[in-house]
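Enquirer: Structure provided below as structure tokens; questions to follow.
The values are calculated or read from the model by the stated rules, or taken from the named source; none is laboratory data. All values reported here derive from a predicted model rather than from experimental measurement. Reconstructed Cβ throughout: ideal geometry from the backbone, glycine too, with neighbour counts over all protein chains shown. Just so you know, the surface numbers come from the protein's heavy atoms only, side chains and all, with ligands and any DNA or RNA stripped out. Shrake-Rupley method; radii C 1.70, N 1.55, O 1.52, S 1.80 Å.
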Amino acid sequence: MTENQEQLSFRQAISGKWQVPLFIVSMLLFVVTLLVIRPKTVEPTFDEKLEDVVALAESNHYDDFYAQLNLLKDETKDRGELAKIYSTAAETRVGELKENYELGIGPSIHRSARQNYENIIGDYQQAFKYGWMEADDPRMKSVYTNVAFAYWGLGQTDEAIEMSRRAIDVAGQYESSLYRRLATMYLTAMPEGYQDLVMSLLDTMLADTDKENDTENYAWAFVKKVEVLISQGNESQAQSLLNSVEEVVLKSSFGEMVEFLRAVAVRKSGDIDTAEKMLRELLSRLKDRGDIYAQLCLELGEINYNQYRYQESQNFYNMVIDTQLGKDWYLAAMLGTAECIRMQYRYPEAIARYRDTLDLYHKSPLNRCVKAERIQSSLAKFSDTLTEIKDYNEALTVLEMEQEIAAENDVDAAYRYAISHHRLADELIAEYERVQRDTADVEETEQDQLWNQQQADLIEKHFTMAAEQYLRVARIGIKDNQLYGRCVREAAICYDSAGNPEAAIEVWKRFVEEWEGTSERADALFRLAQTYQSLGQFDEAIRYFKILREENPRSPAGFKAIVPMSQCYISMEPPDYKGAEAILQSVLDNEAINPDSPFFREAMLELGQLYYHVGDYPSAISCLTNAISRYPDDPSIGKAMFLAGDSYRKRCEVVNDRLKEIENDPTARINRDKLLDLRREMLMSARDYFAGAIKSYNKIPEDQRDRRDRIYLKHSWLYQADSLFDLGEYRQAVDLYEQAALRYQMTPTALMALVQVVNCHIKLGNPRAASSANSRAVSQLARMGDKELMDSEIALRREDWEQWFDWADNLGLW
């Protein structure tokens, strides 16, 4: 290798070794040079940043706009800059809603989300808080207008009207559009005294509007003034104004409106036929299906409705429905159609149409045609009609719709709603009881049980709703003492009927406390005590009964409390029979109480029943027979007769025991004869009273007898026959036993009657008849189910019956 070659290799080696580090150093020097020579960056100003953010809104990137605006708001503490941010947000929201036709007062304006309107108002308020503009700055005209629209969108009409008035005040000069807007708000919202306020605005418009260059606003003011005069009942003034109408108005877009109002004024003055002719003639000439067409059809619909031509009226309303979708006239036609259908007795269809009308109203409550009061009045009439035909369920449906539109403090609407729930609950109870009576002797199926439970749940629901609504009426109508007291009272009664005695007690206590010293308090005390009695809280019941008796001893409620109070004494543990007897006897001993009074009668019957239950049969007989002779037509006299008959029958058992004691005593013959005569007299009395009980119960329709009535009647049949049997009158006894067996066939009562038929025939010496009766009993027993055997007061198993019949068959008596 030559020297030159060796040196080249060395240089190449050095070059390869330092290539990368030299490159890095070079780049660093380049970067430093750039940093030195680059121009200095200038921080954008607040206005530039705001301008960039506004550009997002101008390109319809609203989400980004509001996000960036919030970031910009967080960066600054300057009051002026914050004012600009909030005002920019408000103006942008206004522009966005106007672009989407969601801000304004006309019928074509859609409703935006409440939050959008609230944000506009809030942003403007914040801008003013940070000193954006003065309240009287002329530029505030558009701000007040925008805020008025936002309040209008929220349904806050008073605030919207106030903002529109401020817009007029700061404008500095007359602008017809501002007056027209404010007048429109008055005419739509209809605040108190709005007609005079509108008339003042319209007069200003007619005086100050340049009718040559601003014809539309001038003509608008003219026709609106005519409308207001007609609505005020000033038809003659309206006609006078129409007769002096200027050519400029007739040539405007309101020319046909003048003709329409002329016909309306004629109708309002009482000339219906002429008005209808004018309206129909104008309708035939119209080519446009706009506002005038809609108003003509609505007017003709109302004329025909008032003339009872409901189908013709509905045809006119349908013409509006077919052409005015989305406009205020559409809502008016929907309501008119609902009323026509109602008057044609197509109630379910009418309810559906009212439902659609109400839904439309909720979407556009600030419309030019239909106010809440108008719909509510129509619904109230509909509910009255349904109530008259006792269709309480549909009436309630209609009143539920009324509740959606009625004011919270509308006492009449709330009271109607409460009564409707109450009536429906009462109707459901009547239906439930009727079904129970009709199916009393039919075995209950699972479907029956399900229906019963559903009915019970519905009854509870409607009574509870009635109670709550009555309390609501009492709350909002508290200044009306009579209404207040009636509603609190009805609420307690409904809670009790709903099976909620605890709530009833709470309301009754409230009533008792608030109505101290009044006659209404006595009845409330009685009902409060009764409710405690129903809960088995007899001590509390007696306490309130005593308060009632102490405060109002001679009141109807005080006398009415005696029987339930005695029942509480008897139901206590242990029973206080002496306390019950004392309070009942106090009525009979009270010379101030006429024996013909219902209180005396109830006390006497209850006392007789008390003596019967404690086993004091002589006293029971004395009391009950006295009551029977005094009150033969009393509805509960059948029960009194049964108890009297059974008291005689049980006294006979005492006589029978005494006869057994002296049976083998030859010296007691005279006593035995007296006892036998007494026994016979008692059995005859028992027989007669049982017969009287049967006669009394048979006067009550079968479907109106309750469970206790049926038990007493059944026992009366058997015990009357038993009395004849014990008297030895076996042929008469057989007839009664056979009647009982036939009446209560396929029941243990029938088996018991057939057993006695067997015994009677044996006593009569008729073995064949006895054998036949025994066979009939065995056959009936074989056909009876175990449930039928156990569903009775006679607690005998199938084996017990079979054993008795086998024993009788094996005696060899036939």
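Enquirer: Cα centroids of the stretch 137-194 and the stretch 430-495: how far apart, whole angstrom?
Expert: Their Cα centres are 50 Å away from one another.
Enquirer: Please determine, in degrees from 0 to 90 and to the nearest 10, the orientation of helix 3-37 with respect to the longest principal axis defined by the Cα atoms of the chain, where the helix direction is its Cα long axis.
Expert: Value to nearest ten degrees: 80.
Enquirer: Restricting attention to the stretch 661-727, which GluC sites (Glu not before Pro) occupy a DSSP loop and are surrounded by at most 15 other Cβ atoms within 10 Å?
Expert: E663
Enquirer: Further, regarding this structure: Calculate one ³J(HN,Hα) per residue across the stretch 598-614 by plugging θ = phi - 60° into the Karplus curve 6.51 cos²θ - 1.76 cosθ + 1.60, and present them in order as whole Hz with x for glycine and proline.
Expert: Computed from phi, the couplings for the stretch 598-614 are x, 5, 5, 4, 4, 5, 5, 5, 5, 5, x, 5, 4, 4, 4, 6, 8 Hz.
Enquirer: Still on this structure: Can you give me the % of accessible surface on the chain that is carbon or sulfur? Probe 1.4 Å, all protein chains present, nothing else counted.
Expert: 49 percent
Enquirer: Ranking request for peptides 615-628, 299-312: highest mean number of other beta-carbon atoms within 10 Å first, then the rest in descending order.
Expert: Result, highest mean Cβ count within 10 Å first: 615-628, 299-312.
Enquirer: Placing +1 at every Lys and Arg Cβ and -1 at every Asp and Glu Cβ, with all other atoms neutral, what dipole size does the stretch 575-720 have around its Cα centre, in debye to the nearest 20?
Expert: Dipole size: approximately 600 debye.
Enquirer: Using the Cα centre as the reference, give the magnitude of the dipole from point charges on the C-beta atoms of the chain (Lys, Arg: +1; Asp, Glu: -1; all else neutral), rounded to the nearest 20 debye.
Expert: Roughly 1400 debye, rounded to the nearest 20.
Enquirer: Can you give the net charge of the other residues whose Cβ lies under 11 Å from the Cβ of M465, counting K and R as +1 and D and E as -1?
Expert: With Lys, Arg at +1 and Asp, Glu at -1, the net is -1.
Enquirer: From the phi angles alone, apply the Karplus equation (6.51, -1.76, 1.60; θ = phi - 60°) to the stretch 313-319 and give each ³J(HN,Hα) in whole Hz, x where the residue is Gly or Pro.
Expert: Per-residue couplings from phi come out as 4, 4, 4, 5, 5, 5, 4 Hz.
Enquirer: Taking every pair of alpha-carbon atoms in the stretch 458-579, give the share separated by more than 21 Å as a whole percent.
Expert: That tail contains 40 percent of the Cα-Cα pairs.
Enquirer: How far apart, in nm, are two points set 7 Å out from the Cα along the Cα-to-Cβ line at S200 and at E162?
Expert: Reported label-point gap for S200 and E162 is 1.7 nm.
Enquirer: Can you give the helix-only mean residue ellipticity at 222 nm for the chain, where every DSSP H stretch with n ≥ 4 adds -39500 (n - 2.57) and the sum goes over all residues, rounded to the nearest 500 deg cm²/dmol?
Expert: Taking each H run of at least 4 residues, the total per residue is -25500 deg cm²/dmol.
Enquirer: Considering the stretch 227-368, what Rg and Dmax in Å follow from its alpha-carbon atoms?
Expert: Answer for the stretch 227-368, Rg first and Dmax second: 15.8, 51 Å.
Enquirer: If you average the C-alpha positions of the stretch 692-769 and of the stretch 42-97 separately, how far apart do those two centres end up, in angstrom?
Expert: Between the Cα centre of the stretch 692-769 and that of the stretch 42-97, the gap is 99 Å.
Enquirer: If you plug each phi of the stretch 96-103 into the Karplus form 6.51 cos²θ - 1.76 cosθ + 1.60 with θ = phi - 60°, what whole-Hz ³J(HN,Hα) values come out, in order, with x for Gly and Pro?
Expert: Here the 3J(HN,Hα) series is 4, 5, 5, 4, 9, 6, 10, 9 Hz.
Enquirer: Do any GluC sites (Glu not before Pro) in the stretch 230-279 lie in a DSSP loop with no more than 16 other beta carbon atoms within 10 Å, and if so, which?
Expert: Those satisfying the criteria are E246.
Enquirer: Identify which of the listed values of mean projected area of the Cα convex hull in nm² was calculated from the structure shown: (1) 47.0; (2) 79.2; (3) 66.9.
Expert: The value computed from this structure is option (2).
Enquirer: Another question, then. Subtract the Cα-Cα distance of D210 and K73 from 0.36 nm times their separation in residues, and report this length gain in nm to one decimal.
Expert: Computed gain between D210 and K73 is 44.7 nm.
Enquirer: Give me the extension gain from K699 to M684: residue separation times 0.36 nm, minus the current Cα-Cα distance, reported in nm with one decimal.
Expert: Working it through step by step, the gained length comes to 3.1 nm.
Enquirer: Report the normalised scattering of the stretch 306-415 as log10 I(q)/I(0) at q = 0.14, 0.15 Å⁻¹, calculated by the Debye formula with identical scatterers on the alpha carbons.
Expert: With no solvent term, the Cα-only Debye profile gives -0.54, -0.62.
Enquirer: If you take the beta carbon distance between R743 and D359 as r and set R0 to 45 Å, what does 1/(1 + (r/R0)^6) give as a FRET efficiency, to the nearest 0.05?
Expert: Between R743 and D359 the formula returns 0.15.
Enquirer: Charges at C-beta only: +1 for Lys and Arg, -1 for Asp and Glu. How large is the resulting dipole of the stretch 475-630 about its Cα centre, in Debye rounded to 20?
Expert: 340 debye
Enquirer: Calculate, for A135 and S240, the FRET efficiency according to 1/(1 + (r/R0)^6) with r their C-beta to C-beta distance and R0 60 Å; round to the nearest 0.05.
Expert: 0.90
Enquirer: Mind checking the stretch 121-173 for GluC sites (Glu not before Pro) that DSSP puts in a loop (not H, G, I, E or B) and that have at most 11 other Cβ atoms within 10 Å?
Expert: Taking the stretch 121-173 and a limit of 11 other Cβ atoms within 10 Å, the loop GluC sites (Glu not before Pro) found are E134.
Enquirer: Something else now. What is the helix-to-structure angle for 272-285, meaning the angle in degrees between its Cα long axis and the longest Cα principal axis of the chain, kept from 0 to 90 and rounded to the nearest 10?
Expert: With rounding to tens, the tilt is 50 degrees.
Enquirer: Between the helical axis of 372-388 and the dominant principal axis of the chain, each derived from Cα atoms, what acute angle in degrees is found, rounded to the nearest 10?
Expert: 20 degrees
Enquirer: Test of understanding: what is the full-extension gain from D596 to T45, defined as 0.36 nm times their sequence separation minus their Cα-Cα distance?
Expert: Additional length available on full extension: 188.0 nm.
Enquirer: If you don't mind, another one. In a shell of Cβ-Cβ distance under 12 Å around V755, excluding V755 itself, what net charge do Lys and Arg (+1) and Asp and Glu (-1) give?
Expert: The answer is -1.
Enquirer: Determine the per residue accessible area of the stretch 671-715 with all protein chains present and a 1.4 angstrom probe, expressed in square angstrom.
Expert: 61 Å²
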